[in-house]
Each structure stands twice: as C-alpha cells, then as structure tokens.
Amino acid sequence: HNTREFIFSCCNHFSPKLLISLGAAATNLCLDKKVRLANVHGEFQPVQVDVEGKTQVFEVMPLFHPKLLEVNDSMKKTAWADMQKAIAKLSR
C-alpha cells in the first residue's frame, strides 16, 4: 500500500491530533480493512502502524464523503454531528 504508507509517513512528520478520512475508500485505506462506513462513521478508530522504523498510534475518524452529501440531503445532519465530535476532540 504505497498510498497508505505515504499517508502515515505524513502523519509521522506532522503529528496531527486526528486524521479524518472522507468516504469509504479513504477509510478502508487508513484502517487497512474493509468496513462499512455506515458502521464506523463518527467513531474514533485507533490505528497502529510502523512508520520509518517507529511504531506510531494515530486516531482516524471516518466521515461521509462530501459527494454523498451533495446527493443525499438526509445525511447532512449526521455528517454535521460527526464533524462536531471531531471539532470537540481537536478543541481539547
């Protein structure tokens, strides 16, 4: 997974508090497993990876992709609630 390695290499360099994945493809890539976004959106997922010889633990929060929200207005309320969880975590 060159893309996954690149993402976590960037996380290793920048040390973000939270990595937000937008949509199922990004979520599956970050979590390194196939999950249904409907089952994990808005939840903080710990991910442990070996990056540049060091073990790093990151939190990933899956969110719905903005394209989905363009075509499905009913998901906007859920997406906003999820974003508020991320904002609260980043505000600590």
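In table form, for the structure just shown:
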item: 1.4 Å probe accessible area per residue over the chain, in Å²; result: 66
item: Length added when fully stretched, ASN39-LEU68, from 0.36 nm per residue minus Cα-Cα; result: 8.9 nm
item: Estimated Rh, the chain: Kirkwood, alpha-carbon pairs, angstrom; result: 13.7
item: Over the chain: helical MRE at 222 nm, DSSP H runs n ≥ 4 each giving -39500 (n - 2.57), nearest 500; result: -14500 deg cm²/dmol
item: Where GluC sites (Glu not before Pro) fall in DSSP loop in segment 32-90, at most 15 other Cβ within 10 Å; result: GLU43, GLU52
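The values are calculated or read from the model by the stated rules, or taken from the named source; none is laboratory data. All values reported here derive from a predicted model rather than from experimental measurement. Here Cβ is always computed from backbone atoms with ideal geometry, including for glycine, and neighbour counts include all displayed protein chains. Heavy atoms of the whole protein, side chains included, go into the accessibility calculation; ligands, DNA and RNA do not. Shrake-Rupley method; radii C 1.70, N 1.55, O 1.52, S 1.80 Å.
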